[in-house]
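So the structure is just underneath, and the comments pick up after that.
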Amino acid sequence: MTDVAIEAHALTKTYGRRTVVHALSLEVSRGEIFGFLGPNGSGKSTTIKMLCGLVEPTSGEASICELDIRKNGDAVRRTIGYMSQSFSLYSDLTVEENLEFYGRAYALPRARRSKRIDELIEFSNLAQFRGQLAATLSGGWKQRLALAAALLHEPRVLFLDEPTAGIDPVARRDLWDLLFRLSESGVALFVTTHFMDEAERCARVGYIYDGELIAIGSRDELKRQAGVTPEGTARYSVGGRDAIALLGIAREQPYVRDATIFGDQLHVVVTSDVAAERIAADFGVAAANVEHIEPSLEDVFVALTRARLRA
Amino acid sequence: MNRNPFDVRGYGAVLYKELRHVARDRVTLGLAIALPIVQVTIFGYALNTKVEHVATAVLNEDLGPASVAFIDALRASQTFKVDHLVATRGALMAEVVSGRARVAFDIPPNFTADVRAGRTAQVQALIDGSDASIAQPAYGAATAVGGAFLNRTVPQIDVRPRVLFNPGLRSANFFVPGLIGVIMQLITMFLTALSIVGERERGTLDQIMVTPIGALGLMLGKITPYAIIGVIDMLLVLAAMRWIFAVPIAGSLVLLITLSLGFLMAALGMGLLVSSAARTQVQAMLGVLALTLPSILLSGFFFERSLMPPVMQWVGYLIPLTYFFEILRGIILRGAGLTDLVSPVIAMLALGAFVLVAASIRFTRGSSA
């Protein structure tokens with residue numbers, strides 16, 4: 001058995017004349033957390049649905065733990081867990097009944113079923129809500145329940161489509177702690193997200209734009225990628241005064257190639273012959289407020305998207 | 001993907017959760033039980049196609065003994081309720097135009113004289129045609145009263161009809177058995193379609209589709225509770241029919257219930273078919289209505305099918321309810337046995353099986369879109 005958990009080759013989905021996912025190829029190993037990013041409507045969910053067997057690919061191949069998704073649909077379903085975008089369990093069933101239903105859906109024998117339900121209630125810390133209707137849970141607890149339901153049959157690969165959308169920061173962190181524990185136990189995780197801090201937690205990241213996977217690799221590989229910080233330029237973070245005012249100044253400086261607001265900071269890409277002191281003077285801030293930085297993943301995606309739009 | 005539409009795995013799991021959904025949704029459950037009772041009451045009591053006591057106005061310009069005898073004959077017919085006697089032709093028309101009278105008789109001045117002389121005596125009857133259900137029988141009754149009146153003087157052939165199976169020609173005997181079919185179809189189609197489309201809308205269907213639950217297992221698991229409700233509804237209407245409206249069941253109750261289960265299969269299949277096409281619950285409701293209204297209108301529930309244009313009769317052959325009505329009225333009113341009902345039974349079961357298989361295949365394909 002190899003370490004490859006997910007393998008896709010030239011996976012394509014078209015609806016009529018519209019190509020939603022174009023020739024997507026990727027590989028995810030056992031125990032790896034793979035972050036799958038891209039703007040809304042770029043083909044993230046369609047990719048996940050193809051890999052889970054919910055949507056039939058138009059062309060291309062994919063396999064889960066060496067099981068072809070077209071030929072071994074049934075075996076694939078037993079190998080994967082799927083947590084969809086919105087809460088997709090039953091609000092009018094209790095926490096325990098929801099788990100019981102999924103245990104039966106995977107045809108777990110009675111003894112194993114009740115053992116797994118106990119384990120997962122323990123794992124997701126849901127014991128206090130066991131007999132409560134799912135409708136009464138808050139967003140974060142609902143997601144934990146959904147995660148527990150997706151794990152009952154001990155899948156080796158877990159797909160999570162925006163698992164943390166709409167839940168509070170503490171609940172997000174808690175959910176990620178659970179995901180790390182899963183990854184340590186050897187489960188491969190394929191996670192889509194809009195949050196850059198979550199993307200930073202992933203071992204490897206893929207970025208899909210308009211149906212095409214335009215970047216894939218580890219964080220460092222992506223940050224070093226050509227075009228992110230072009231040859232002969234350097235990246236600085238400028239702070240110390242209103243970021244919108246800073247952006248206005250940046251537009252007037254001939255040496256600024258690119259400028260993007262990040263919170264109360266402005267990230268600028270400048271020609272490398274310009275020193276930090278000159279930037280501080282031109283922007284009217286103290287020298288301590290100008291800092292040479294490595295690109296963040298967000299910088300990477302912004303740069304890649306802009307390059308695409310220009311092309 | 002490479003799903004087998006006849007894979008029944010997961011039936012138990014789906015049934016487990018579905019029974020809980022039904023038990024917890026008290027409002028829907030209550031409606032599903034209350035609806036048949038309301039409908040039986042409406043159809044059994046309010047809907048009466050036997051025309052009696054039609055409001056009638058009379059203008060008697062003759063006032064002779066023959067005209068008085070004619071008015072007595074109208075009163076005696078039960079069809080007419082003569083309670084407006086007017087003095088002018090204008091007043092007579094006004095009675096009809098205003099809707100106070102449905103029928104108006106104008107007895108001309110020479111009526112008694114004509115009768116005495118043995119000449120043809122004329123009476124004009126004005127019938128409000130805006131309500132066809134009253135106009136037709138009123139027309140017939142008016143002619144009959146006139147004929148009978150003449151017969152006293154000129155004896156003619158005396159026809160004595162005997163009505164078989166529903167001697168009182170009671171509407172309840174005709175409508176309530178049919179109502180069993182209408183209610184079973186309405187309730188099961190609505191509940192099935194809404195329940196499945198609801199899962200699609202909430203995204204829970206995708207979550208089910210990633211499990212090894214088979215397409216048929218899912219469908220059967222989802223429809224079983226609604227099949228049970230359909231059977232309860234049928235028994236409720238049957239009981240109301242027997243004990244409230246005193247419609248006797250002439251044939252075999254066992255046969256009736258068995259064939260009802262066959263119809264249930266067709267109704268559930270149609271509900272599934274709607275749910276495989278609809279994306280939202282609103283679409284599903286409209287879809288159920290789009291199938292149910294023609295079913296009720298073309299299957300012979302209200303209107304006799306042999307009187308319809310051939311195209312509509314053909315459409316009626318594609319509706320399972322058409323055959324179920326024949327079966328219901330056959331068993332309940334005419335005491336028909338299985339051998340009398342071979343062709344409707346075969347047609348109904350074949351249609352039901354076709355719908356169910358089509359729904360199952362559509363469901364497997366449609367779910368991955």
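The relative contact order of the range B:54-151, computed from alpha carbon pairs under 8 Å that lie at least 6 residues apart in sequence, is 33 percent.
Can you give me the relative contact order of chain B as a percent, contacts being Cα pairs under 8 Å and 6 or more apart? Don't jump to the answer; show the numbers that get you there.
Numbers: 517 pairs, mean separation 83.4, N = 369.
Relative CO of chain B lands at 23 percent.
Sum up the charges of everything whose Cβ sits under 12 Å from the Cβ of B:Gln122, counting Lys and Arg as +1 and Asp and Glu as -1, but leave B:Gln122 out.
Working: positive: B:Arg119; negative: B:Glu61, B:Asp62, B:Asp106, B:Asp114.
In short, -3.
Hey, got the dipole for the range A:229-294? About the Cα centre, +1 on K and R Cβ, -1 on D and E Cβ, debye to the nearest 20? Write out the running numbers ahead of the final one.
Values: 5 positive and 10 negative charges, 21 e Å.
For the range A:229-294, the charge dipole is close to 100 debye.
Farthest toward the positive end of the dipole of the range A:27-90, out of A:Leu51, A:Ser88, A:Phe34, is the Cα of A:Ser88, where the dipole comes from beta carbon charges about the Cα centre. The calculated pair-distance distribution of the range B:54-151 uses every alpha carbon pair, bins of 10 angstrom beginning at 0, and gives 17, 52, 28, 3 percent. Computed about its Cα centre, the charge dipole of the protein assembly as shown is approximately 2200 debye, with only Lys, Arg, Asp and Glu carrying charge at their Cβ.
Toward the positive end of the charge dipole of the protein assembly as shown, about the Cα centre and with charges on Cβ (Lys, Arg +1; Asp, Glu -1), which of A:Ala199, B:Ile71, B:Ala87 goes farthest? Value: B:Ile71. Between B:Ala91 and B:Ala117, the FRET efficiency estimated from the beta carbon spacing at R0 = 25 angstrom works out to 0.30. Antiparallel versus total DSSP beta bridges in the range B:54-151: what percent is that, nearest 5? Antiparallel bridges make up about 25 percent of those DSSP assigns within the range B:54-151.
Shielding of A:80-86 by partners, i.e. mean partner chain Cβ atoms within 10 Å per residue? Write out the running numbers ahead of the final one.
Values: counts 2, 2, 5, 2, 5, 2, 5.
Partner-chain Cβ atoms within 10 Å, mean over residues of A:80-86: 3.
Of the residues A:Leu266, A:Ala234, A:Ala287, the one whose Cα sits farthest toward the positive end of the charge dipole of the range A:229-294, with +1 on the Cβ of Lys and Arg and -1 on the Cβ of Asp and Glu, is A:Leu266.
Using 1/(1 + (r/R0)^6) with R0 = 51 angstrom and r between the beta carbons of B:Val68 and B:Val254, what's the FRET efficiency to the nearest 0.05? The partial results should precede the final answer.
Values: r = 58 Å, r/R0 = 1.14.
For R0 = 51 Å, the calculated efficiency reads 0.30.
Rank A:Asp174, A:Asp264, A:Asp210 by mean-square fluctuation in a GNM of chain A with C-alpha springs under 10 angstrom and give only the top-ranked residue. Sorting by GNM fluctuation, first place goes to A:Asp264. Backbone geometry of the range A:186-192 corresponds, through the Karplus equation with coefficients 6.51, -1.76 and 1.60 at θ = phi - 60°, to 3J(HN,Hα) couplings of x, 6, 7, 10, 10, 10, 9 Hz, x marking Gly and Pro.
Only helical runs count toward this figure. For chain A, summing -39,500 (n - 2.57) over DSSP H runs of n ≥ 4 and dividing by all residues gives -11000 deg cm²/dmol at 222 nm.
If R0 is 22 Å, what FRET efficiency do you get for A:Glu122 and B:Arg24 from their C-beta distance, rounded to 0.05? List each step's numbers first, then the result.
Working: r = 27 Å, r/R0 = 1.22.
Computed FRET efficiency for A:Glu122 and B:Arg24 comes out at 0.25.
Find out how many positive minus negative residues lie around A:Ser63, taking Lys and Arg as positive, Asp and Glu as negative, among other residues whose Cβ is under 13 Å from that of A:Ser63. List each step's numbers first, then the result.
Details: positive: A:Arg70, A:Lys71, A:Arg156; negative: A:Glu7, A:Glu27, A:Glu61, A:Glu66, A:Asp68.
Charge balance near A:Ser63 sits at -2.
When chain A is treated as a Gaussian network with alpha carbon springs shorter than 10 Å, the biggest mean-square fluctuation among A:Gly166, A:Gly60, A:Gly81 belongs to A:Gly166.
Considering Cα pairs under 8 angstrom that are at least six residues apart, work out the relative contact order of the range B:248-369 and quote it in whole percent. Walk me through the numbers before you get to the answer.
Values: 131 pairs, mean separation 55.1, N = 122.
For the range B:248-369, the relative contact order is 45 percent.
Under the classification rounded if a/c is under 1.5, otherwise prolate if a/b is larger than b/c and oblate if not, where does chain B fall, given a ≥ b ≥ c as square roots of the Cα gyration tensor eigenvalues? Spell out each step's value before the answer.
Values: a/c = 3.23, a/b = 2.65, b/c = 1.22.
Note, shape of chain B comes out prolate.
When the Gaussian network model of chain A links Cα atoms closer than 10 Å, the mean-square fluctuations of A:Ala149, A:Ala203, A:Ala280 top out at A:Ala280.
Using just the Cα positions, wrap the protein assembly as shown in a convex hull and report its mean projected area in square nanometres, one decimal place.
Numbers: hull surface 181.4 nm².
Here the figure is 45.4 nm², rounded to one decimal.
As a check on your grasp of the helix formula, calculate [θ] at 222 nm for chain B: sum -39500 (n - 2.57) over DSSP H runs of n ≥ 4, divide by the residue count, round to the nearest 500. Walk me through the numbers on the way to the answer.
Details: 14 runs with 236 residues, N = 369.
My calculation for chain B gives -21500 deg cm²/dmol from helical runs alone.
Label sites at B:Thr41 and B:Leu293, each approximated as a point 7 angstrom past Cα along Cα to Cβ, lie 2.6 nm apart.
With +1 on each Lys and Arg Cβ and -1 on each Asp and Glu Cβ, and nothing else charged, work out how big the dipole of the range A:4-223 is about its Cα centre, in Debye to the nearest 20.
On the way: 27 positive and 29 negative charges, 96 e Å.
It works out to roughly 460 debye.
Bear in mind that the values in this text are calculations on the coordinates, not laboratory data. Because the structure is a prediction, the values reported are computed rather than measured. Neighbour counts are summed over all protein chains in view; Cβ atoms, including those assigned to glycine, are modelled from backbone coordinates with ideal geometry.
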